[in-house]
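Novice: Got a structure for you, questions after.
Bear in mind that the values in this text are calculations on the coordinates, not laboratory data. Note that this is a predicted model, so its numbers are computed, not measured. Positions of Cβ are generated from backbone atoms using ideal geometry, with glycine treated the same way; all protein chains shown enter the neighbour counts.
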Amino acid sequence: MEIIVCIKQVPDTEDVSKVKIDPQTNIMIREGIKNIINPFDENAIEEAIKLRDKYGGKVTVISMGPSHAEAALRSALAMGADEAILICDRAFIGSDTLATSYTLTQAINKIGKFDVILFGKQAIDGDTAQVGPGVAEQLGIAQITYVRKIEIKNNILRAERALENSFEVVEVKLPCAVTVTKEINEPRYASMKGLLMARKKQIHVWSAEDLDVDKDKIGLDGSPTQVVKIFTPQTKHEGEILDGTASEVADKLVSKLTEHKLF
Amino acid sequence: MDFSLTEEQQMMLEEIKKVCEEKIAPRAEEVDEKGEFPKENIELLANMDLLGLVIPEEYGGLGMGFLTWSFVGEEISKACGTTGLIFGANLLCIYPLMVFGTEEQKKKYLPRLAKNKLAAFALTEPEAGSDAGNVKATAKLEGDHYIINGRKIFNTNGGEASIYIIIAATHPGQGPRGLSAFIVEEGTPGFTIGQKFNKMGFSALPNVELVFDNCKVPKENLLLKERRGFRVAMETFDTGRIGVGIGALGIAEAAYEAALKYAKERVQFGKPIASFQAIQHILADMATEIEAVKLILYKSAWLKDNNQPFEKYASMGKLKASEVAMHVSTKAVQVFGGYGYMKEYPVQRYMREAKLFEIIEGTSEIQRSVIANFLLKGR
């Protein structure tokens with residue numbers, strides 16, 4: 001089974017107190033924030049490794065990003081992925097989700113053979129959840145999003161797809177694309193042997209020239225999304241502290257909520 | 001002098017810090033409270049290949065040195081003292097096997113220990129503590145087997161370990177010169193686990209009595225030679241002191257970090273207590289002592305890795321680290337005030353744990369004698 005995992009390197013925003021936006025440029029201040037693999041993508045890598053260990057085959061991890069995204073790919077190799085490809089070129093700068101999924105699609109076409117393509121359900125920086133489905137559309141293959149369980153039998157992938165209060169079971173023929181949630185597994189820690197081996201492995205770097213891409217569909221030119229402004233929403237209201245005994249506070253709270261038609 | 005970490009060490013430590021922060025540290029309180037062996041932690045370490053850190057690659061390990069071991073041990077002990085000590089006690093069996101084991105013994109045991117099995121080293125008996133040569137357990141050669149009889153106490157990792165190194169007298173009544181070292185596997189007929197010791201701290205650290213009642217051990221399980229058991233023990237302890245010192249260092253660092261954080265958050269007289277000079281001086285002393293002891297320990301590990309005499313420094317490091325851990329953890333409780341005495345906060349645990357380090361692997365008094373002995377001989 002040939003498995004491809006698309007991952008993204010993102011700033012570690014888990015500690016929200018460290019995330020600051022420059023008020024002049026409205027760009028996130030990156031100093032002091034480390035880069036990590038998008039957490040949902042770690043689940044995708046873990047699932048890919050599990051599927052490979054169960055059904056055999058190979059796990060190829062690809063990432064589009066600046067040269068430092070190599071670190072994310074090395075982490076994936078340390079976890080147990082077999083090969084890593086970095087799609088990196090100045091021509092890709094400014095890509096929105098459409099241009100990104102187009103570029104990834106062309107990279108996947110260059111790889112050629114695949115049975116399953118895994119993604120995290122979304123990236124924690126942009127939170128769009130569009131690239132996985134975008135790639136599936138452009139490749140013309142089936143897609144299942146928000147997956148919390150995968151089984152493969154006789155070329156059929158059966159997935160549990162998480163909905164708000166329930167889940168649905170979906171079956172598709174391979175090849176297909178799947179985006180996964182946190183519930184699907186617990187990503188492993190890299191073994192030291194894995195880490196040391198990953199250090200020595202070659203990461204293939206593909207530029208725009210290496211891919212069969214239409215110049216109008218990549219980078220800023222290929223991105224219909226234009227970011228007009230990024231800003232930190234102002235907190236308009238101060239919080240209110242209700243005084244009194246527990247039952248007095250409860251009464252006050254209920255009347256406040258009723259007043260604002262929230263209860 | 002180069003104090004920078006290699007790229008390899010940095011990568012490894014990053015992953016180890018992650019697992020310590022995310023998994024091992026959050027369980028530490030529960031581990032102590034329940035007093036149950038932290039199986040999940042050991043499995044994590046095994047899955048990450050860390051149990052075989054210093055075991056040569058040809059026997060399935062990573063073939064790293066003791067300096068790297070020290071960095072790793074420090075992080076683990078900082079996150080969970082119990083897990084750190086289990087990791088450290090393992091070394092007391094791995095190391096003598098590596099150094100004194102025959103090719104057959106190494107091939108047989110090291111790959112298991114590199115994979116996921118735990119190990120223990122047993123010398124201490126009711127009448128053989130600091131007087132380590134006064135071992136009463138006996139081993140008598142009968143045909144192809146040694147018959148071991150006797151009891152070992154305070155055995156760390158005992159009951160959870162698969163492989164033990166046991167010191168017993170092949171020539172009873174001849175003191176240190178009559179002792180020999182044996183490899184004994186769990187489940188060997190005549191070898192059972194006796195009482196479990198109820199400790200002031202480290203409640204989850206396996207520590208038991210080992211009972212040998214006509215325990216039949218194959219002749220080829222003799223380590224090194226007959227009458228060389230005391231040497232095996234002493235050389236094991238020399239290296240083990242680095243490990244024990246590192247364990248104490250981890251506890252001291254955890255106590256200091258807890259005190260620093262609390263001092264910044266705790267408000268009295270309208271200000272965080274960290275703004276008061278009395279508290280600042282405590283924190284400054286803690287950080288300074290920790291830094292100093294770290295340097296001795298790292299130096300001893302570095303010397304060992306570079307095949308230079310390290311024993312004196314290992315002893316100094318163990319002595320100082322355990323006393324620093326005791327001092328820093330006691331002061332950490334003081335910084336926390338009343339809350340520090342309560343079980344909800346970890347500093348009381350650090351204080352209970354720190355005390356052990358002044359006793360095990362040679363008491364502070366024995367360390368001073370060892371160090372003085374080196375000094376007087378001009379070494």
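Novice: What spacing in nm lies between the two simple spin-label points modelled at B:GLU265 and B:ILE193, each 7 Å away from Cα in the Cβ direction?
Specialist: Each label point is offset 7 Å from its Cα along the Cβ direction, giving 3.6 nm.
Novice: Extending each Cα 7 Å along its Cβ direction at A:ASN109 and A:ASN165, get the distance between those two points in nm, one decimal.
Specialist: Calculated label separation equals 4.4 nm.
Novice: What dipole magnitude, in Debye to the nearest 20, does chain A give about its Cα centre under +1 on Lys/Arg Cβ and -1 on Asp/Glu Cβ?
Specialist: Dipole of chain A, to the nearest 20 debye: 780 debye.
Novice: Could you pull out every one of the aspartates and glutamates with an alpha carbon less than 15 Å from that of B:LYS304, ignoring same-chain neighbours closer than 8 positions?
Specialist: Candidates past the 8-residue exclusion: B:GLU235, B:ASP238.
Novice: Shifting gears a bit: Which whole-number percent is the relative contact order of chain B (Cα, under 8 Å, 6+ apart)?
Specialist: On the way: 729 pairs, mean separation 59.0, N = 379.
Here the relative contact order equals 16 percent.
Novice: As a quick test, which of the pairs A:LYS54/A:LYS200; A:LYS54/A:LYS149; A:LYS20/A:LYS229; A:LYS182/B:LYS115; B:LYS152/B:LYS216; A:LYS121/A:LYS153 have an alpha carbon distance above 18 angstrom in this structure?
Specialist: Checking Cα-Cα distances, A:LYS54/A:LYS200; A:LYS182/B:LYS115; A:LYS121/A:LYS153 exceed 18 Å.
Novice: Which of B:THR188, B:GLY173, B:LEU123 sits farthest toward the positive end of the charge dipole of segment B:120-229, with +1 on the Cβ of Lys and Arg and -1 on the Cβ of Asp and Glu?
Specialist: B:GLY173
Novice: Using packing as a proxy for protection, rank B:370-378, B:238-246, B:213-221 so that the peptide with the highest average count of other Cβ atoms within 10 Å comes first.
Specialist: Answer by packing, highest mean first, reads B:238-246, B:213-221, B:370-378.
Novice: Would you mind telling me the antiparallel percentage of the DSSP bridges in chain A, rounded to 5?
Specialist: 40
Novice: Tell me, what is the FRET efficiency for B:ASN47 and A:ARG90 to the nearest 0.05, using R0 = 41 angstrom and their Cβ-Cβ distance as r?
Specialist: Numbers: r = 40 Å, r/R0 = 0.99.
It comes to 0.50.
Novice: Moving on. Going Cα to Cα from A:LYS261, which lysines come in below 19 Å? Please leave out same-chain ones fewer than 8 positions away.
Specialist: A:LYS252
Novice: Right, next: How about segment A:161-263: which GluC sites (Glu not before Pro) there lie in a loop by DSSP and see at most 12 other Cβ atoms within 10 Å?
Specialist: Here the GluC sites (Glu not before Pro) that fit, given the DSSP loop and packing criteria, are A:GLU164, A:GLU238, A:GLU240.
Novice: List the residues whose amide H sits under 5 Å from the amide H of A:ALA142, counting only those 5 or more places along or on another chain, with H placed 1.01 Å from N in the peptide plane.
Specialist: Amide H neighbours of A:ALA142: A:ALA177.
Novice: Write out the trypsin sites (Lys or Arg not before Pro) in segment B:289-368 meeting two conditions: DSSP loop, and at most 14 other Cβ atoms within 10 Å of their Cβ.
Specialist: Answer by residue number: B:LYS343.
Novice: Need one number: nm distance between label points at A:THR225 and B:TYR341, each 7 Å from Cα along Cα→Cβ, rounded to one decimal.
Specialist: Taking the simple label geometry, A:THR225 and B:TYR341 are separated by 5.8 nm.
Novice: Now for a separate question. Tell me, what is the percent relative contact order of chain A, built from C-alpha pairs under 8 Å that lie six or more residues apart?
Specialist: Rounded, it is 24 percent for chain A.
Novice: In addition: Leaving out same-chain residues fewer than 8 places away, which aspartates and glutamates sit with a Cα under 16 Å from that of A:LYS50?
Specialist: Within reach: A:GLU2, A:ASP41, A:GLU42, A:ASP82, A:GLU83, A:ASP115, A:GLU151, A:GLU183, A:GLU186.
Novice: Return the FRET efficiency for the residue pair A:LYS261, A:GLN24: r is the Cβ-Cβ distance, R0 is 45 Å, and the value is rounded to the nearest 0.05.
Specialist: 0.70
Novice: How well do other chains shield peptide B:45-54, expressed as the mean number of their Cβ atoms within 10 Å of each residue Cβ?
Specialist: 3
Novice: With a cut-off of 19 Å, note down the residues of segment B:14-29 whose backbone N falls inside the zone around a label point 7 Å from the Cα of B:GLU40 toward its beta carbon.
Specialist: Within reach of a label on B:GLU40, which here means backbone N under 19 Å from a point 7 Å along Cα→Cβ, segment B:14-29 contributes B:16-29.
Novice: Using the structure shown, list the pairs from B:LYS136/B:LYS355; B:LYS320/B:LYS355; B:LYS34/B:LYS318 with a Cα-Cα distance above 21 Å, or answer none.
Specialist: Checking Cα-Cα distances, B:LYS136/B:LYS355; B:LYS34/B:LYS318 exceed 21 Å.
Novice: Follow-up question, since we're still on this one. How many Cβ atoms of partner chains, on average, are near each residue of B:171-183 if near means within 10 Å of its Cβ?
Specialist: Mean shielding by partner chains, rounded to a whole number: 0.
Novice: Work through the residues other than A:ALA107 whose Cβ is under 12 Å from its Cβ and net out their charges, Lys, Arg +1 and Asp, Glu -1.
Specialist: -2
Novice: To continue, here is another question. Fewest to most neighbouring Cβ within 10 Å: what's the order for A:ASP89, A:ASP22, A:ASP41?
Specialist: Details: A:ASP89 18, A:ASP22 11, A:ASP41 30.
Least crowded to most crowded, the residues run A:ASP22, A:ASP89, A:ASP41.
Novice: Turning to a different aspect of this structure: What full-extension length gain, to one decimal in nm, is calculated for B:HIS171 and B:LYS225 as 0.36 nm per residue of separation minus the Cα-Cα distance?
Specialist: So the extension gain works out to 18.2 nm.
Novice: Say R0 is 60 Å: what FRET efficiency, to the nearest 0.05, do A:THR235 and B:MET200 get from their beta-carbon distance?
Specialist: 0.75
Novice: Here's another thing I want to ask about it. Given that compact globular proteins tend to follow 2.2 N^0.38 Å, what is the ratio of the alpha-carbon Rg of segment B:231-376 to that value?
Specialist: 1.16
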